[in-house]
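Written out below as structure tokens is the structure these notes cover.
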Amino acid sequence: MTMKIAITGKGGVGKTTFAAMISRLYAEEGYSVLSVDADPDANLALALGFPKQLIDEITPISELKNLVAERTGSSPGSFGTMFKMNPKVNDIPEKYCKEYNGVKVLTMGTVDTGGSGCVCPEHVLLKALTSHLILGNKDVMVMDMEAGIEHLGRGTAKNVDAFIVVVEPGERSLQTYRKVKKLASDIGIEKIFVVGNKIRDEKDKNFILGEVETAHCLGFISYNSSVVDSDRSNLSPYDANAQIKEEVRSISNKLKGVIK
């Protein structure tokens, strides 16, 4: 199976937790899994249960100034100068991934200079790398993204097999879902799904289903204190609770069915 999933949602809804759990699940099922941390608040490796020593070895791609300069033909820290718009990126995943529990992680980082719309060497390299991962990668790929899809190009985004918006039973997270759905629709993406997280009861489920079509809802993950506590113990939430693991497995099975 080759599958590319982009996971997004409002901050604090459990987006990274879900991305980590479904990555671990696919690895446990025997797939080759690449998890891409494309959120500026990068902590996917921690959620995957990576030991601290290995996390400390991870440097986001955007912070590898010499690599950025080499691949774009720019000078480190340059802005407003000429550089390559099609840098070589195909060897980056193999060189800069870290692996643990059968999951490879690549941390993208963010661009802090020039504003959100800048066209700078770091931005160009990250965009080219994102396109390569989606268009050329042969693994199961799970992208943990920030809220929105603006940083994906039209052609690149269309090759993602599914966009999953993680929501909790609250209006603000559902507002993020509606925003992502509209942005995706504007560039022709149709496979946008929802996972409800931190669910306490049927009332919470019904609140979400009142805003999301049943066919677009992949399932629900219960609120569980052991998942919350796993973060304090530096453990992957995947190892925290058997019930939650089965809920994620059910979501995965439905996802496989709808993207065939």
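The values are calculated or read from the model by the stated rules, or taken from the named source; none is laboratory data. Worth saying up front: this structure is predicted, and the values here are computed from it rather than measured. Heads up, the Cβs are rebuilt from the backbone with ideal geometry, glycines too, and the neighbour counts pull from every protein chain shown. These accessible areas exclude ligands, DNA and RNA; they are computed on the full protein's heavy atoms, side chains included. Shrake-Rupley method; radii C 1.70, N 1.55, O 1.52, S 1.80 Å.
Please identify, among GLY109, GLY170, GLY49, the residue showing maximal mean-square fluctuation in a Gaussian network model of the chain using a 10 angstrom Cα cutoff. Maximum fluctuation in the GNM of the chain, among the listed residues, is at GLY170. Across the chain, C-alpha contacts under 8 Å between residues 6 or more apart give a mean separation that, scaled by the residue count, equals a relative contact order of 28 percent. Available extension along the chain between GLN53 and GLU211 is 52.6 nm, counting 0.36 nm per residue and deducting the alpha carbon span.
In the chain, a dipole from Cβ-located charges (positive for Lys and Arg, negative for Asp and Glu) runs towards its positive end, and of ALA162, LEU255, ILE189 it is ILE189 whose Cα lies farthest in that direction.
For the chain, the share of accessible area belonging to carbon and sulfur comes to 48 percent (1.4 Å probe, ligands and nucleic acids excluded).
Ligands, DNA and RNA are left out, and with a 1.4 angstrom probe the accessible area of segment 1-87 is 43 Å² per residue. For segment 1-63, with the dipole built from +1 on Lys and Arg beta-carbon atoms and -1 on Asp and Glu ones, taken about the Cα centre, which of ILE61, SER32, PRO51 lies farthest toward the positive end? Of the listed residues, the answer is SER32.
Would you calculate a helix-derived [θ] at 222 nm for the chain, using -39,500 (n - 2.57) for each DSSP H run of n ≥ 4 and dividing by the full residue count, to the nearest 500?
Details: 11 runs with 105 residues, N = 260.
My calculation for the chain gives -11500 deg cm²/dmol from helical runs alone.
What is the magnitude of the charge dipole of the chain about its Cα centre, with +1 placed on the Cβ of each Lys and Arg, -1 on the Cβ of each Asp and Glu, and no other charges, expressed in debye to the nearest 20? So the dipole magnitude of the chain works out to roughly 640 debye.
Residues in segment 129-260 average 49 Å² of solvent-accessible surface per residue, probe 1.4 Å, ligands and nucleic acids excluded. Put a plus charge on the Cβ of each Lys and Arg, a minus charge on the Cβ of each Asp and Glu, and nothing anywhere else: the dipole of segment 1-72 about its Cα centre is then about 200 debye.
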